[in-house]
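Novice: Sharing a structure with you now.
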Amino acid sequence: MTFAAILLVAAPAVPFLLALACAGRPVRRIAPLLLAPAAVPGLLAALLVPRDIFVLVAPAPFRISFFLDVPGAILLGGAALLWIAAGTYAATSLAKDPRRGGFCVWWLLTLSGSFGVFIVADVASFYLAFALVSLAAFGLSAHDDTAEARRAGMVYLALTLFGEALLIAAFVMLASGSPQANPLIRDAVAQLPLSPWREAILLLLMVGFGLKMGLVPLHVWMPLAHSVAPVPASAVLSGIVVKAGVIGLLRFLPLGVATPHWGLALSVAGIVTAYYGIALGLTQKHPKRVLAYSTVSQMGVVATVIGGALVQGDSAAAAIAAFYAANHILLKGALFLAVGIAAASAPGAVTPVLTLAGLLGLSLAGLPFTGGALAKLAIKGPMGEGAAGFLLALSAAGTTLLMAKFVLLLRDSAKGRAAFPLPSQGLLAPWIVLSVLALALPFTLYPLVTGERLAAAFALVNVEKTAVPVLLGLALAFALHQRGPALPDVPAGDVLVLAERLGPLLARGLAGVGRLDDVLRRFGVAGLLLAGLVIALAVAVGAAP
Amino acid sequence: MSLIASVHASPLGLLLVLAVIVPLCGLAPLLLLKSRVAERAALVFLAAGLAIVCVLCFEVARSGAPLAYFLGGFKPPLGVGLRADGFSAFMLGVTAVVIVSAGLFAMTAPGADAPRMPLAFWMLLLGVWSALNLVYVADDLFALYVALELLTFAAVPLVCLDGRAKTLSAALQYLLFALFGSVLYLLGAALLYGTYGTLDIILLAQRAHGEPALLAALALMTAGMLAKAALFPLYLWLPAAHAGAPAAASAILSAVVIKAPIFLVVRFWYDIATPAQTAAVAPILAALGAGAVVLCGVFALRQARLKLLIAYSTAAQIGYLFLMFPLAAASAGAGAWGAIAWTGGALHLVSHALSKAAMFMAAGVIAETVGHDRIAQLSGIGRIVPISVFAFGLGGLSLMGLPPSGGFVAKVMLLTSAVQQGAWWIAIVILVGGLLAAGYVLRVLLPALQRPVAEVVPVPVARWREMVALALALGAVALGFVPLQPAAFLAIGRPASWEGAAP
C-alpha cells in the first residue's frame, strides 16, 4: 500500500482503534486529550491523498474498499476541521465530567463512522460505517442522562433503526442486480436504472437518507437530539453526523441519469423542509433548538440541490452540493460552539461573542464577502433561474431572520460571572479558529468546485444576488423585533408531539396482542394446534404433485 | 442394494462414534465423584469431546466428503449407519462450542464462593451433548428416536435443577410436550418401517415415492419436531422452561437443544421428501416462522423479567430458520444446498446460538449480582457489571441484525434470497423482526446505561464467567466477517447418499 492509501484507511481506523484502546483504564483517563488528534489523519487524508484514489483493503469476496473523490474529500476535510475544533473544545469543557471516559468512546466511534461514510467504496462497508455513525451518535446525545435526553435518545434510536431497516432493504435490492455479493457503490448504482425494482429502491434510499438529513416530516428527532447533547457534541451532531445522509444521497442516487419525477419529489421535499425549518425555528426559545431547526432548513436546501441534479442528470452537481454541505459543517459547528461560549460569558462581555456569532449566522444566509455567499452562489449554478432557484434564494432571507433570533437568544443566555467575563482559552481558541476557517475556507474551494474564477464571485451582479435576501431578512427581523406578533410556543420536535399521542393506542394494541400469548400458552389450545398442524402438513404434502 | 454394497466406512469414521460415546463415558465416573472433583473431571471430558469434534470438522473440510461409519460393520438396512456431512459437522461444531462454553461458565472459579453447580448438572450436560451429537450423525430413524429421548430426558431436569415448585411445573410441561412430540415421531417412524422395511433415511429416500404412508409419516414426524423445537404456535413450554433454568442450562437449552429437532425437520424435507413435496409444505413452515418472528417478538416486548424476555426472543428467533424453507426449496434439488438462503439460515443458527448463550449467561450474572432480574429495576446496571452488559449488548446487536454481526450477514443473505425470488412478505417479516428485536433488546440496554436509580450492594461474581459470555458474544460479532456468499462447507455430502460416503 502506498502512503496515500495508508493515510486514507487511517482516517476512520485511527479513531476506531483509539476507541478500542479506551477499554484500558490509562488510555481512558487521558481520552479527552485524544479527541482532537484522532481526527488529524482525516484532515491529512483530505489534503494529501490524490483524488479518485481506490484502495482495496480486503480482496473479494469481502471487497472492503476505500475511494476518495472530490465530494468525499470536501466533506472529509470540512468534517475533520470541525472534529478537531470541537474535540479541542471538549477536552476543556469535559475536563471535570465524571463520565468523560464513556463520552470519549462514543465520540471516537462517531468520528470513525463519519469519516467512513465519506470514503468507503463498497456497499457493505458503507452500511457498516453508516450504522456506526448513526448508533454511536446516540451515545453523544444521551450523555447528559436527563429525562429530556432520554426521550430524545429514544426517538432518535427508534427512527434511526427504522431508517437502517429501509436502507438495508434498498441495498439488498441494489446489490442483487450485481454479480458480486458486495459490489462497489458506483457499480451497483450504474445498474440501478436497469433494476426491476428501481422505483422501490429510489424511494427507500430517499426516505432512509432523508431521515438522516431531517427532511420534513422525518426531522422530528433532530431538534430533540441536537439540543440535549453537551455543546461540542451538538456541534458535531448537527454539523457532521447529518451529512451521512447527504453523502448517502450523493453516492447512491444515479445523479448522472436524468430521473425527473424522483428529482422533483426530492426538490419539493427539500424546499418544504427549507421553509418549515425556518418557520418552526422562529418559535423556539432555546438557542440550540433554533440552530437545530436551522440545520433542518439547510439540509432541505442541500436536498433541493441534489433533487435538481437528479432532474437534469447532472452528476457534476455532487461536488457543489458537497461544497454547500461542507460550508454548513463549519458554520453550524462554530455556531453551536458559540452557544457554549456565550453561556459562559458575563452579560457585560458577551457583545464580541454575539458579533462573531452574528457574522457566522449571516454567512450561513449568504452575506456577501463571506464564505457562505460563495456557497449560495455555487448552488445557483445547478439550480438555474427556475422556481426552485428563486425559492432557495428567498429562503436565505428566512435564514437571516432565524439567525437574528438566534443572536437575541444568545444574548439572553449569557450567565457568566463578572469576575470571569469570558470563558477560558481552551474554549475560546478552538471556537475563534473554527469561525475564521468557516468564513474564509470557502474562498479556496470555490474555484475548485465551480470552475469559475474567484473574481466572478465579487462581481457586482453576484454581490447583489446574495445581498438582497440578507438585507430583506434583516429588515424583516428588525420589523418583527419592533412590533411582531407573538409567536406560538411550539415544543421541539413539533409534529412528534402529535405522533406521541398515538403511544397509548399502540400500547393498548400491544396489550391486545399480548393476550393472544396467554391463550396460546394454554395446554388445551396448544394440543389442538398440534393436531391441526399434523393435518395441515399432511394435506399440503398430499396436494403436492 | 448394489449401491450400499459398494460403500465402505471412512477411515476416520470412528470419530463419529467417539463424538457420541466420549461424553457418555463421562457419566459413570462422575457419579462416583464429589461435586468439586466432578467439575474438573467433566472438564476433561468436555476437552476430549471438543478435540474429537474439531478433528471431525477438520477432516470433513479437508476431504470435502462426508465421514461415514457402520456400527458393527453391518451396512443399512441391516446395520445402523452414522454419517457426518458438511451440515452435520457444522451442527456438531456449533454444539461443541456452546456446550464447552457453558461448562466453563458453570465452573466454580478458584477462590470464588459462587454457588457450585450440583453434580447432576455436569452429568446432564454430558448427556445432552452426547444426545445432540447422535442426532447430528445418525442416519437411522430409530437411532434418532433414541437420541431424541435421551435429549429430552437430559434436558428436562436441567430446567428444574433448583427444585423449586415453579421450575418443576415448567419442567413437567416441557416433558409432556416433548413426549407428545416423541409419540408423533414414533408413529411416523413406525409407519415408514411398516411400509418400506427400513429405517435408514437414505434408503427411505430411494424407496419412497409419495405413498400415502410417507406423506402421513412426514406430517406426523414434522409436527412432533416442531413441538420439540417450540415453533410458534407450539411454544407454550419454552418461556417458563428456558427462563427458569440456571443460566448455564438456559444457554444450552436456548442455543443448541431446540436446534436438534429443527435439524431433523431439514433432513426430513430435504433428504426424504421430493422437492415438490418440500415446496408444498415450505409455505406452511414459513408462515409459522413468520408468526414466531412477529408475534413472539411482540410478546418479548411485554415481559417484565429479563430471562423471560430472552426466552421469548428465542421463540421469535427460531422463526427465521423456518423462513429459510421456501427460499431454499425454490432453488430445488441439489441447488438448494448451494443457495444463499441455506447459508443464511445456517449462519443465523450459529449466530443465534452464540449470541443467545451469551445473553443468557450475562442475564445470569446480572441476576446473581443484584439478586433479581426485574427489567424495571435494572437501571444503571451497566455501571455494576459492565462486561456482562456489554456482552448482552453485543449479543443483542446480532439479534437486531446490525453490522458487524453474524445476525446481520444472515439477515442480508435471507433478504437477498427473498428479494431475488420475489418473496416480499418474507423480506418484510425479516425487517420487522429486526425492529422488534431492537425494541426488546434496547428496552433492557438503554436503562442499563443510565444512572442507577437505587444503590445496590453487588454480590461479586467471578470475572471469568463474564468473560465466557463476552467471548461468545464476540464470536457472534466475528461471524459478521463471513463473506456474503454460499458456504461450500455446508454443501459437502449433499444431497445425502451413501454413495458419497465411499472413501
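Novice: Mind telling me which of the residues B:Gly93, B:Gly49, B:Gly103, B:Gly26 ends up being surrounded by 15 or more Cβ atoms within 10 Å (Cβ to Cβ), assigned to a helix (DSSP H, G or I) and touching a Pro at 6+ places or on another chain (Cβ under 6 Å)? Show your work before the answer.
Specialist: Numbers: B:Gly93 fails: touching a Pro at 6+ places or on another chain (Cβ under 6 Å); B:Gly103 fails: touching a Pro at 6+ places or on another chain (Cβ under 6 Å); B:Gly26 fails: touching a Pro at 6+ places or on another chain (Cβ under 6 Å).
Criteria check complete, one pass: B:Gly49.
Novice: Of all residues in the range A:267-290, which are more than 16 Å from A:Ser395 (Cβ to Cβ) and either at pLDDT 95 or above or assigned to a helix (DSSP H, G or I) (or both)? Break it down into steps so the answer makes sense when it comes.
Specialist: Residues of the range A:267-290 that are more than 16 Å from A:Ser395 (Cβ to Cβ), as a first pass: A:283-289.
Matches in the range A:267-290: A:Pro287, A:Lys288, A:Arg289.
Novice: Quick one: would you say B:Pro275 is at pLDDT 95 or above and within 14 Å of another protein chain (Cβ to nearest Cβ)? Talk me through it step by step, then tell me what you get.
Specialist: Details: at pLDDT 95 or above: no; within 14 Å of another protein chain (Cβ to nearest Cβ): yes.
Judged against the criteria, B:Pro275 is not a match.
Novice: Here are some residues: B:Gln303, B:Gln317. Which one is outside any helix (DSSP H, G or I) and more than 9 Å from chain A (Cβ to nearest Cβ)? Explain how you work it out, then say what you get.
Specialist: Values: B:Gln317 fails: outside any helix (DSSP H, G or I).
Only one candidate qualifies: B:Gln303.
Novice: Does the range B:369-377 contain any residue that is in contact (Cβ under 8 Å) with a residue 60 or more places away in the chain, of a type in the set (D, E, K, R), out of contact with any Lys or Arg (no Cβ under 9 Å at 6 or more places or on another chain) and surrounded by fewer than 24 Cβ atoms within 10 Å (Cβ to Cβ)? Before the answer, list the steps.
Specialist: We begin by selecting, within the range B:369-377, every residue in contact (Cβ under 8 Å) with a residue 60 or more places away in the chain; these are B:369-371, B:373-377.
Add one more test, that the residue is of a type in the set (D, E, K, R), and what stays is B:373-374.
After this cut, where a residue has to be out of contact with any Lys or Arg (no Cβ under 9 Å at 6 or more places or on another chain) as well, the list is none.
The answer is no; no qualifying residue exists.
Novice: Hey, among A:Ala190, A:Ala131, A:Ala158, which residue is small (Gly, Ala, Ser), facing chain B (nearest Cβ under 10 Å), part of a helix (DSSP H, G or I) and surrounded by fewer than 19 Cβ atoms within 10 Å (Cβ to Cβ)?
Specialist: On the way: A:Ala190 fails: facing chain B (nearest Cβ under 10 Å); A:Ala131 fails: surrounded by fewer than 19 Cβ atoms within 10 Å (Cβ to Cβ).
Just a single option satisfies the conditions, and that option is A:Ala158.
Novice: Quick check on my filter: what residues within the range B:211-231 are more than 8 Å from chain A (Cβ to nearest Cβ) and not charged (D, E, K, R)?
Specialist: Quick first cut of the range B:211-231, residues more than 8 Å from chain A (Cβ to nearest Cβ) only: B:211, B:213-214, B:217, B:221, B:224-225, B:228-231.
Scanning the range B:211-231 gives B:Ala213, B:Leu214, B:Ala217, B:Met221, B:Gly224, B:Met225, B:Ala229, B:Ala230, B:Leu231.
Novice: Only one of these conditions is not met by A:Ala79: (1) modelled with pLDDT under 95; (2) in contact with a helix residue (DSSP H, G or I) (Cβ under 9 Å, 6 or more places away or on another chain); (3) not β-branched (Val, Ile, Thr). Which number is it?
Specialist: (1)
Novice: Kindly provide the set of residues from the range B:233-261 that are hydroxyl-bearing (Ser, Thr, Tyr) and within 12 Å of chain A (Cβ to nearest Cβ), ordered by number.
Specialist: In the first step, residues of the range B:233-261 are kept if they are hydroxyl-bearing (Ser, Thr, Tyr); the result is B:235, B:250, B:254.
Selection gives B:Tyr235 alone.
Novice: Hey, among A:Ile341, A:Ile379, which residue is among the β-branched types (Val, Ile, Thr), in a helix (DSSP H, G or I) and in contact with a Ser or Thr (Cβ under 9 Å, 6 or more places away or on another chain)? I'd like the intermediate steps shown before the answer.
Specialist: On the way: A:Ile341 fails: in contact with a Ser or Thr (Cβ under 9 Å, 6 or more places away or on another chain).
Just a single option satisfies the conditions, and that option is A:Ile379.
Novice: While we're looking at this one, here's another question. Any residue that is facing another protein chain (nearest Cβ under 10 Å), surrounded by fewer than 24 Cβ atoms within 10 Å (Cβ to Cβ) and among the aliphatic types (A, V, I, L, M) - is there at least one of those in the range B:262-270?
Specialist: no
Novice: Scan B:Arg443, B:Arg463 and give me the residue that is under 21 Å from A:Gly102 (Cβ atoms) and within 13 Å of another protein chain (Cβ to nearest Cβ). Outline the logic, then answer.
Specialist: Details: B:Arg463 fails: within 13 Å of another protein chain (Cβ to nearest Cβ).
None of the others qualify; the one that does is B:Arg443.
Novice: Does B:Pro495 satisfy the condition of being over 27 Å from B:Gly380 (Cβ atoms), outside any helix (DSSP H, G or I) and without any contact (Cβ under 8 Å) to a residue 40 or more places away in the chain? Write out each step before concluding.
Specialist: Details: over 27 Å from B:Gly380 (Cβ atoms): yes; outside any helix (DSSP H, G or I): yes; without any contact (Cβ under 8 Å) to a residue 40 or more places away in the chain: no.
It is false that B:Pro495 is over 27 Å from B:Gly380 (Cβ atoms), outside any helix (DSSP H, G or I) and without any contact (Cβ under 8 Å) to a residue 40 or more places away in the chain.
Novice: Next question, about the same structure. Identify, from the list A:Ala499, A:Ala492, A:Ala486, the residue that is surrounded by fewer than 12 Cβ atoms within 10 Å (Cβ to Cβ), among the hydrophobic types (A, V, I, L, M, F, W, C) and more than 14 Å from chain B (Cβ to nearest Cβ). Even if it seems obvious, please write down each step before you answer.
Specialist: Numbers: A:Ala499 fails: surrounded by fewer than 12 Cβ atoms within 10 Å (Cβ to Cβ); A:Ala492 fails: surrounded by fewer than 12 Cβ atoms within 10 Å (Cβ to Cβ).
Of the residues listed, the single one that is surrounded by fewer than 12 Cβ atoms within 10 Å (Cβ to Cβ), among the hydrophobic types (A, V, I, L, M, F, W, C) and more than 14 Å from chain B (Cβ to nearest Cβ) is A:Ala486.
Novice: Collect the residues in the range A:390-422 that are within 27 Å of the chain's Cα centre (by Cα) and not in a helix (DSSP H, G or I), keeping them in residue-number order.
Specialist: A:Ser413
Novice: Filter the range B:394-427 for residues that are more than 8 Å from chain A (Cβ to nearest Cβ), of a type outside the set (Gly, Ala, Ser) and within 19 Å of A:Ser176 (Cα to Cα) and give the result.
Specialist: B:Phe408, B:Val409, B:Met413, B:Leu414, B:Gln421, B:Trp424, B:Trp425, B:Ile426
Novice: Mind checking whether some residue in the range B:142-153 is of a type in the set (A, V, I, L, M, F, W, C), crowded, with 20+ Cβ neighbours inside 10 Å and touching a Lys or Arg at 6+ places or on another chain (Cβ under 8 Å)? Walk me through how you get there before you give the answer.
Specialist: First, pick out the residues of the range B:142-153 that are of a type in the set (A, V, I, L, M, F, W, C): B:142-144, B:146-148, B:150-151, B:153.
Cutting the leftovers down to crowded, with 20+ Cβ neighbours inside 10 Å gives us B:143-144, B:147-148, B:151.
Still in the list and also touching a Lys or Arg at 6+ places or on another chain (Cβ under 8 Å): B:148.
For the range B:142-153, residues of a type in the set (A, V, I, L, M, F, W, C), crowded, with 20+ Cβ neighbours inside 10 Å and touching a Lys or Arg at 6+ places or on another chain (Cβ under 8 Å): present.
Novice: Kindly indicate the residue of the range A:173-187 that is without any contact (Cβ under 8 Å) to a residue 40 or more places away in the chain and facing chain B (nearest Cβ under 9 Å) and also farthest from A:His219 (Cα to Cα) among those meeting that condition.
Specialist: Here is the first cut: in the range A:173-187, the ones without any contact (Cβ under 8 Å) to a residue 40 or more places away in the chain are A:173, A:176-179, A:187.
Now restrict to residues that are facing chain B (nearest Cβ under 9 Å): A:173, A:176.
Details: A:Met173: 26, A:Ser176: 31 Å.
This residue is A:Ser176.
Novice: Quick check on this structure: which one of A:Ala170, A:Ala124, A:Ala137 is in contact with a Ser or Thr (Cβ under 9 Å, 6 or more places away or on another chain) and either at the interface with chain B (Cβ under 8 Å from one of its Cβ atoms) or part of a helix (DSSP H, G or I) (or both)?
Specialist: Numbers: A:Ala170 fails: in contact with a Ser or Thr (Cβ under 9 Å, 6 or more places away or on another chain); A:Ala124 fails: in contact with a Ser or Thr (Cβ under 9 Å, 6 or more places away or on another chain).
So the residue among A:Ala170, A:Ala124, A:Ala137 that is in contact with a Ser or Thr (Cβ under 9 Å, 6 or more places away or on another chain) and either at the interface with chain B (Cβ under 8 Å from one of its Cβ atoms) or part of a helix (DSSP H, G or I) (or both) is A:Ala137.
The values are calculated or read from the model by the stated rules, or taken from the named source; none is laboratory data. Nothing here was measured: the structure is a model prediction, and the numbers come from that model. Backbone-built Cβ (ideal geometry, glycine too); neighbour counts: all protein chains shown.
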